[in-house]
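A quick write-up on the structure given underneath.
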Amino acid sequence: MGMDFLRKLPIPKDIKEQFPMSENLVKIKEERDAEIRKIFTGEDKRLALIIGPCSADIEDSVIDYISRLAKVQEKVKDKILIIPRIYTNKPRTTGDGYKGMVHQPDPEKASDMLEGIIAIRRLHTRAIAETGFTCADEMLYPDNHRYLNDLLGYVAVGARSVENQEHRLTASGMTTPVGMKNPTSGDISVMLNSITAAQHSHTFIYRGWEVVTSGNDLAHAILRGSVDKHGKTHPNYHYEDLINLHDTYAACNLQNMGVIVDTNHSNSGKKYLEQIRIAKEVLHSCRHSEDINSMVRGFMIESYIEDGAQKIGEGIYGKSITDPCLGWEKTERLIYDIADLT
């Protein structure tokens, strides 16, 4: 038999009833939603920083990291709105490797999807309760989104998912901003088509229901660089890339035209220290072009407590077990530099 059905998992409604949000957390979420929305409509001229580990792994170290961000947020609140990354599921190119907390709430143990669903809900809830941050996660599995949709402040659709119909249609039913990455090929028309689809209303089948969506006016672009047929990475954050995106984007007549620049992945060639230079170069471009300045909504930065990455089992507290990340000291300095340059 090709697929063994191990057990029936609870539906999102049941998980939410078992692990509900308090009235206070609901209020925080509503206030944050309104604040984040203004960034992506352009009413609020501050930059959004979607920043944090490549993948969430150990609950306590993730909360420790986010608590540090909360202290920095107070100091830069007039220039920057921080949206921490709590990425709980990870796409794997070959299918191998750590797939995120939803699969393995303990990276050193076997998969346990039920415990994973509970763990990711607990982690996102704890982040709001202890820091006041609603956070970002990647929508790798559209069916799983409802386990967290009442907690999230931002959703990303990855480079390998952005062409998928289900991701686009599910995004059209969200009320939080959804960032659509350019595909690994770098074809920005694919990304813009995805944004167009997400901004429109659709009727489709979702989790066994016929649903209709209102369209998400906050769907926007994320530039993450590309990979050519020879496996070589190519950045797309330079001045000319941003001008080209602006002109192509404007011709689509989409709502709330905006872009987040991902400073890692193929933009940095996964050389995590390059994120510092890339962010500053984009800010330089913003100062020299009103078109770019009006379009750039912020940055996506991979950062954790310790520099670099480690293998699962090495046990270094606050160090990424997937892509290398900026450590805390460099992260804090970069946030202050971005604020000063904005």
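Derivation of every value follows stated rules applied to the coordinates shown; laboratory data play no part. Every value quoted in this text rests on a predicted model; they were computed, and no experiment measured them. Positions of Cβ are generated from backbone atoms using ideal geometry, with glycine treated the same way; all protein chains shown enter the neighbour counts.
Of Asp241, Asp150, Asp137, the residue with the greatest mean-square motion in the GNM of the chain, using alpha carbon springs below 10 Å, is Asp241. Could you tell me which of rounded, prolate or oblate describes the stretch 204-323, using a ≥ b ≥ c as the square roots of the eigenvalues of the alpha-carbon gyration tensor, with rounded for a/c under 1.5 and, failing that, prolate when a/b is larger than b/c and oblate otherwise? Taking the square roots of the gyration eigenvalues as a ≥ b ≥ c, the stretch 204-323 is oblate. Checking every one of the GluC sites (Glu not before Pro) in the stretch 67-136 against DSSP loop status and a limit of 11 other Cβ atoms within 10 Å picks out Glu108. Taking amide H positions as modeled 1.01 Å from N, with prolines and chain starts lacking one, the residues under 5 Å from Ile222 and 5 or more places away or on another chain are Met180, Lys181, Asn182, Ile260. Each label point was placed 7 Å from the Cα along the Cα-to-Cβ direction; for Lys71 and Asp337 their separation is 2.1 nm.
Nearest 0.05, what FRET efficiency do Lys109 and Phe19 give at R0 = 25 Å with Cβ-Cβ as r? Numbers along the way, then the final one.
Values: r = 21 Å, r/R0 = 0.84.
Efficiency computed from Cβ-Cβ geometry: 0.75.
Helices assigned as whole DSSP H runs in the chain whose Cα atoms extend at least 24 Å along their own long axis and whose mean Kyte-Doolittle hydropathy is 0.0 or higher are found at 113-131. Whole percent per 5 Å bin, from 0 to the bin with the longest distance: what is P(r) over all C-alpha pairs of the stretch 159-239? Histogramming the stretch 159-239 at 5 Å steps yields 3, 17, 24, 20, 15, 10, 6, 4, 1, 0 percent. The string of couplings for the stretch 132-148 from the Karplus curve (6.51, -1.76, 1.60, θ = phi - 60°) is x, 8, 8, 10, 9, 9, 8, 8, 7, 10, x, 4, 7, 4, 5, 5, 10 Hz, one whole number per residue in order, with x for Gly and Pro. For Asn293 and Asn253, what is the calculated FRET efficiency with R₀ set at 22 Å and r taken between the beta-carbons, to the nearest 0.05? The formula returns an efficiency of 0.60 here.
By DSSP, the beta bridges lying fully in the chain are antiparallel in about 20 percent of cases. Would you report the distance distribution of C-alpha pairs in the stretch 254-342 as whole percents per 5 angstrom bin, up to the bin with the largest distance? In order of increasing distance, the bins hold 3, 14, 22, 21, 16, 11, 7, 4, 2, 0 percent. What aspartates and glutamates does Lys75 reach when the alpha-carbon gap must be under 20 Å and sequence neighbours fewer than 8 apart in one chain are set aside? Qualifying aspartates and glutamates at Cα under 20 Å: Glu31, Glu35, Asp44, Asp64, Glu130, Glu329, Glu332, Asp337, Asp340. For the chain, the mean residue ellipticity at 222 nm estimated from helices alone is -12000 deg cm²/dmol, where every DSSP H run of n ≥ 4 contributes -39500 (n - 2.57) and the total is divided by all residues, rounded to the nearest 500.
Taking the Cα centre of the stretch 12-341 as origin and assigning +1 to Lys and Arg Cβ atoms and -1 to Asp and Glu Cβ atoms, the resulting dipole is close to 160 debye.
When its C-alpha radius of gyration is set against 2.2 N^0.38 Å (N residues), the chain gives a value of 0.94.
For the pairs Lys109/Lys232; Lys109/Lys229; Lys29/Lys271; Lys90/Lys181; Lys270/Lys330; Lys45/Lys271, note any where the Cα-Cα span goes beyond 24 Å.
Values: Lys109/Lys232 34 Å; Lys109/Lys229 36 Å; Lys29/Lys271 34 Å; Lys90/Lys181 15 Å; Lys270/Lys330 16 Å; Lys45/Lys271 29 Å.
Correct reply: Lys109/Lys232; Lys109/Lys229; Lys29/Lys271; Lys45/Lys271.
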